[in-house]
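> To start, I am sharing the structure in question, which I have written as structure tokens.
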Amino acid sequence: MSPDIAEWIIRIPVLLFAITIHEYSHGKAALSLGDPTAKNAGRLSLNPIIHIDPLGAICLFFFHFGWAKPVPVDVRYFKNIRRDIVIMALSGPISNIAAAFVTGLFIRYFLLPYEVYLKLLTYMILMNTGLGLFNLLPIPPLDGSHVMENILPSGASKIYRQMSRYAPLILIGILMLDRFLHIGIFGKILGYPIFYIAHLFGGDNFYRLLNLLS
């Protein structure tokens, strides 16, 4: 079997897991805050297929940063709209960081001498950490933009919302530049935090893991 195909066989389930828990957590948080929209739309599910955003999945595969199809939310159900939007938006990234933390425990205490297992742990901790941190960036349509919009004062929030209409195109443009011109904008912003958190969770075994697979 081609090494590239073998890598994809491992990466695809990790990707599906990461985006599924991310979007499920958004829907679950919204439901706990009084909004049943995601549940009624069938999006409060651990079925990964219904959460896949084609463009976000492609970006995650090739650029290691991406997003899933947002769960539908009706903020009219929220008692405190600005606060509850922040809670709902943060729930997705937090779920990915939590998955990375659990993976880190396996890296610390349950390393087994099987290449597939080691690669699985590597992708789990890096892709979940990467997905979580990337979505915290305050660039629409990422979760961080919803947080930023709702913690700013009302006047600044309105200006931010007006400016954000072009942000998705800018985001995709930066991803393309990073990929094809190797500028590494997001790598420079997120590379150190991703590896710092992975090492924090997995300990020195995380770097031993990278050395074993290099």
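> Angle, helix 54-63 long axis vs. longest principal axis of the chain, Cα atoms, 0 to 90°, nearest 10?
On a 0 to 90 degree scale, this one is about 40.
> Here's another thing I want to ask about it. Roughly how tilted is helix 81-109, in degrees to the nearest 10 and between 0 and 90, from the longest Cα axis of the chain?
Relative to the chain, helix 81-109 is tipped by roughly 10 degrees.
> Right, next: Would you calculate, for the chain, the mean residue ellipticity at 222 nm contributed by helices, counting each DSSP H stretch of 4 or more residues as -39,500 (n - 2.57) and dividing by all residues, to the nearest 500? Mind dumping the intermediate values first?
Details: 10 runs with 154 residues, N = 214.
Computed mean residue ellipticity for the chain: -23500 deg cm²/dmol.
> For a quick check: sort S32, S154 by the number of other beta carbons within 10 angstrom, fewest at the front. Intermediate results must be reported in sequence, preceding the final value.
On the way: S32 12, S154 7.
With the sparsest Cβ surroundings first, the list reads S154, S32.
> On a 0 to 90 degree scale, rounded to 10, what angle separates helix 204-213 from the longest Cα axis of the chain?
70
> Which of I85, I21, I151 moves the most in a Gaussian network model of the chain with Cα springs under 10 Å?
I151
> Also: Would you calculate the separation in nanometres between label points at L111 and K79, each defined as 7 Å from the Cα along the Cα-to-beta-carbon direction?
The modelled label-to-label distance comes out at 4.8 nm.
> If one computes the Cα centroid of region 7-22 and of region 149-214, what distance in Å separates the two points?
Cα centroid of region 7-22 versus Cα centroid of region 149-214: 19 Å apart.
> Say R0 is 45 Å: what FRET efficiency, to the nearest 0.05, do L212 and I50 get from their beta-carbon distance?
Values: r = 36 Å, r/R0 = 0.80.
Between L212 and I50 the formula returns 0.80.
> Oh, and also: Could you work out how far apart the two model spin labels at I172 and K188 are, taking each label as a point 7 Å from the Cα in the direction of the beta carbon, and quote it in nm?
The answer from the label model is 2.4 nm.
None of the figures in this text is laboratory data; all of them are computed from the coordinates on show. As the structure is a computational prediction, the values presented were derived from the model and not from experiment. Note that each Cβ is placed from the backbone with ideal geometry, even for glycine, and that neighbours are counted across all protein chains shown.
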